[in-house]
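The values are calculated or read from the model by the stated rules, or taken from the named source; none is laboratory data. Not measured: the values here are computed from a predicted model. When we count neighbours, we look across all protein chains shown, and the Cβ atoms used for this are built from the backbone with ideal geometry, even at glycine. These accessible areas exclude ligands, DNA and RNA; they are computed on the full protein's heavy atoms, side chains included. Shrake-Rupley method; radii C 1.70, N 1.55, O 1.52, S 1.80 Å.
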Amino acid sequence: MADLGLRRELRQPFDVELLREGAYWRTLGLIVSADDDPRHLVIDEVWEPSLIAEWNRGCPDDRRVRAGDLITAVNGQQPSSEQMLDLIHACGKHCSVTLTIR
């Protein structure tokens, strides 16, 4: 992982289910990059306004998505980071996407 000055804390994995509807259906709100481990994506930034920002506002602090977190699965699948991006991009309007965050 590129050194972004982010300290990675050990967190228990949790799922974030986002329904691509509403004003921000096009914007998940995540800037991600490949991790040194090709099975993960690193969350570099969280944007607002976005679906993730709405998720973060409605959940407890320990379930908020933040820079430095890892995406370890998409819709229950654990493919390569490139394939995870493909799965996320393939999800259009009215589609649900579940990200496993660690």
Q.
Anything in the stretch 8-19 that is open to solvent by less than 40 Å² (accessible area, probe 1.4 Å) and part of a strand (DSSP E or B)? List them, or say none.
A. Phe14, Val16, Leu18
**Q.** Filter result for the condition that a residue is of a type in the set (Ser, Thr, Tyr) and either open to solvent by 20 Å² or more (accessible area, probe 1.4 Å) or out of contact with any Ser or Thr (no Cβ under 7 Å at 6 or more places or on another chain) (or both), over Ser50, Ser96
**A.** Ser96
**Q.** Number of positions in the stretch 85-102 that are in a loop (DSSP other than H, G, I, E, B) and not hydrophobic (A, V, I, L, M, F, W, C)
**A.** 4
**Q.** Glu82 vs. criteria more than 12 Å from the chain's Cα centre (by Cα), assigned to a helix (DSSP H, G or I) and surrounded by 14 or more Cβ atoms within 10 Å (Cβ to Cβ)
**A.** no
Q. When Gly22 is evaluated against the numbered criteria (1) on the phi > 0 side of the Ramachandran plot; (2) open to solvent by less than 40 Å² (accessible area, probe 1.4 Å), which criterion, by number, is the only one it fails?
A. (2)
Q. When you scan the stretch 56-66, how many residues do you find that are in contact (Cβ under 8 Å) with a residue 40 or more places away in the chain, surrounded by fewer than 16 Cβ atoms within 10 Å (Cβ to Cβ) and not basic (Lys, Arg)?
A. 1
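Every residue, every condition in (1) open to solvent by less than 70 Å² (accessible area, probe 1.4 Å); (2) in a loop (DSSP other than H, G, I, E, B); (3) at pLDDT 95 or above; (4) touching a His at 6+ places or on another chain (Cβ under 6 Å), yes or no:
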| site | (1), (2), (3), (4) |
| --- | --- |
| Asp3 | no, yes, no, no |
| Leu6 | yes, yes, no, no |
| Asp36 | no, yes, no, no |
| Asp44 | yes, no, yes, no |
| Glu54 | no, no, yes, no |
